[in-house]
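> Supplied in C-alpha cells, the structure appears directly below.
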Amino acid sequence: MALVVEQLSLGPLGTNCYVVLAERGATDAVVVDPSGPAPEILARLGELGASCAAILVTHGHFDHILGVAELAESTGAPVYMPVGDRALLETPTEVWGVLVQAWAPDVLVEGGETVEAAGISFEALDVPGHSPGHISYYADGSLFSGDVLFAGSVGRTDLPGADWDTLLASIRLLAGSYPPDTAVYPGHGAPTTLGGELERNPFLAELRTP
C-alpha cells in the first residue's frame, strides 16, 4: 500500500514540509523537514486525525529546520538529524529576520540506518553535495530527497560545504538504489519521479552518457 504524503509549502522560501502516514486513517504520522511555524503543521495533522510520531530532517539549512524546535517541543516527537549538519540545528540562527530556534536532536543519522516510525520503515541514505551531511529518506516507493534532486533541477553547489561532483555522485547513488518509478518528494517544487529526472533533467546529462 502506498504511503499517504501531504505536502505543505511553508516558510519564507516556500520550502516543502511533508506529513507522511502509512495509510489513510493512520493515527500516527512522520513529519519530514518542518519548514515553517509548528501551528500550521499541527493544524494539518489535526485535519488528518494524526499525531506526530517522529521528525526527520534531511539537512540543516535554515529553511528546512525553522519549525523543528517548536514542533518537537509541542509534540514530544524525537528529532532525527544528519550528524554532519547537527551544528546547524544546535546553534540558534537569525536569517532574513527569521529566528531559527536551536534544538538538540534525539537521534543522529549517518546513512545506512533504518528509521522505524508511525508504522513506516525509512531507509536513510548519505547523499552529500548540497550540504556536507545531507540525508535522503526512502520508504515504500517514496523518496524524500531534500535539496539533492528537484523536478528539472538539482541542489545548489555554491553554498558552504557544497560540491558539484559530490552531489552528482549522490544522485548516481539514488539512481542505482531505487527503481525509475520511485516518487521523488523534493525540498522545493513539485513531486517527480526518479526515472523522469534521469531521462529529462538537464543537469543530469552526465548520468545519461553511456
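Computed from the coordinates by the stated procedures, all read-outs in this text should not be read as laboratory data. None of the values given here were measured: they were computed from a predicted structure. Glycine gets a Cβ as well: all are built from the backbone with ideal geometry, and neighbour counts include every protein chain shown.
> Restricting the first residue to the range 93-104 and requiring it to be in contact (Cβ under 8 Å) with a residue 12 or more places away in the chain, which pairs with a second residue that is part of a loop (DSSP other than H, G, I, E, B) meet a Cβ separation below 7 Å and a spacing of at least six or different chains?
Here the result reads TRP96/PRO12; VAL98/PRO12; VAL98/LEU66; VAL100/LEU66; VAL100/PRO92; GLN101/PRO92; ALA102/THR91; ALA102/PRO92, each pair linking the range 93-104 to a residue that is part of a loop (DSSP other than H, G, I, E, B).
> While we're here: Pairs please, first residue from the range 130-146 and within 18 Å of ARG172 (Cβ to Cβ), second anywhere and of a type in the set (Lys, Arg), Cβ atoms under 8 Å, 6+ apart in sequence or on different chains.
Within 8 Å, the pairs are HIS130/ARG156.
> Would you mention how many residues in the range 1-29 are in contact with a strand residue (DSSP E or B) (Cβ under 8 Å, 6 or more places away or on another chain), outside any strand (DSSP E or B) and within 15 Å of HIS188 (Cα to Cα)?
To start, the set of residues in the range 1-29 that are in contact with a strand residue (DSSP E or B) (Cβ under 8 Å, 6 or more places away or on another chain) comprises 2-12, 15-24, 26-29.
Adding the requirement that they be outside any strand (DSSP E or B) leaves 2-3, 11-12, 22-24, 26-27.
Filter once more, keeping what is within 15 Å of HIS188 (Cα to Cα): 11-12.
Count: 2.
> Now for a separate question. Can we say VAL148 is closer than 14 Å to GLY60 by Cα and surrounded by 22 or more Cβ atoms within 10 Å (Cβ to Cβ)?
On the way: closer than 14 Å to GLY60 by Cα: yes; surrounded by 22 or more Cβ atoms within 10 Å (Cβ to Cβ): yes.
In short, yes.
> Looking at ALA205, ALA162, ALA118, ALA175, can you tell me which residue is over 16 Å from THR15 (Cβ atoms) and in contact with a helix residue (DSSP H, G or I) (Cβ under 9 Å, 6 or more places away or on another chain)? Break it down into steps so the answer makes sense when it comes.
Values: ALA205 fails: in contact with a helix residue (DSSP H, G or I) (Cβ under 9 Å, 6 or more places away or on another chain); ALA162 fails: in contact with a helix residue (DSSP H, G or I) (Cβ under 9 Å, 6 or more places away or on another chain); ALA118 fails: in contact with a helix residue (DSSP H, G or I) (Cβ under 9 Å, 6 or more places away or on another chain).
Of the residues listed, the single one that is over 16 Å from THR15 (Cβ atoms) and in contact with a helix residue (DSSP H, G or I) (Cβ under 9 Å, 6 or more places away or on another chain) is ALA175.
> Let me ask something else. State whether the residues of the range 30-51 include one that is assigned to a helix (DSSP H, G or I) and under 24 Å from GLY155 (Cβ atoms).
Step one: of the range 30-51, the residues assigned to a helix (DSSP H, G or I) are 38-48.
Adding the requirement that they be under 24 Å from GLY155 (Cβ atoms) leaves 41.
Taking every residue of the range 30-51 in turn, at least one turns out to be assigned to a helix (DSSP H, G or I) and under 24 Å from GLY155 (Cβ atoms).
> Looking at the range 137-157, which of the residues that are part of a loop (DSSP other than H, G, I, E, B) and aliphatic (A, V, I, L, M) is nearest to PHE122 (Cα to Cα)? I'd like the intermediate steps shown before the answer.
At the first step, the residues of the range 137-157 found to be part of a loop (DSSP other than H, G, I, E, B) are 140-141, 147-148, 151-152, 155-157.
Filter again for aliphatic (A, V, I, L, M), leaving 148, 151.
Details: VAL148: 17, ALA151: 22 Å.
So, considering only residues that are part of a loop (DSSP other than H, G, I, E, B) and aliphatic (A, V, I, L, M), the one nearest to PHE122 (Cα to Cα) is VAL148.
> Would you be able to say whether some residue in the range 186-195 is assigned to a helix (DSSP H, G or I), surrounded by fewer than 22 Cβ atoms within 10 Å (Cβ to Cβ), in contact with an Asp or Glu (Cβ under 9 Å, 6 or more places away or on another chain) and among the hydroxyl-bearing types (Ser, Thr, Tyr)?
For the range 186-195, residues assigned to a helix (DSSP H, G or I), surrounded by fewer than 22 Cβ atoms within 10 Å (Cβ to Cβ), in contact with an Asp or Glu (Cβ under 9 Å, 6 or more places away or on another chain) and among the hydroxyl-bearing types (Ser, Thr, Tyr): absent.
> Further question: Looking only at the range 22-49, count how many residues are over 15 Å from GLN7 (Cβ atoms) and of a type in the set (A, V, I, L, M, F, W, C).
We begin by selecting, within the range 22-49, every residue over 15 Å from GLN7 (Cβ atoms); these are 22-28, 37-39, 42, 46, 49.
If we keep only those that are of a type in the set (A, V, I, L, M, F, W, C) too, we end up with 22, 26, 38, 42.
Summing the residues that are over 15 Å from GLN7 (Cβ atoms) and of a type in the set (A, V, I, L, M, F, W, C) in the range 22-49 gives 4.
> To continue, here is another question. In this structure, does TYR138 turn out to be of a type in the set (Phe, Trp, Tyr), in contact with a Phe, Trp or Tyr (Cβ under 7 Å, 6 or more places away or on another chain), within 22 Å of VAL107 (Cβ to Cβ) and buried (at least 18 other Cβ atoms within 10 Å of the Cβ)? Please lay out each step first, then the result.
Values: of a type in the set (Phe, Trp, Tyr): yes; in contact with a Phe, Trp or Tyr (Cβ under 7 Å, 6 or more places away or on another chain): yes; within 22 Å of VAL107 (Cβ to Cβ): yes; buried (at least 18 other Cβ atoms within 10 Å of the Cβ): yes.
In short, yes.
> Collect the residues in the range 109-129 that are surrounded by 19 or more Cβ atoms within 10 Å (Cβ to Cβ), assigned to a strand (DSSP E or B), of a type in the set (Gly, Ala, Ser) and free of Cβ contacts under 8 Å to residues at least 60 places away in the same chain, keeping them in residue-number order.
Within the range 109-129, ALA124 is the sole residue that qualifies.
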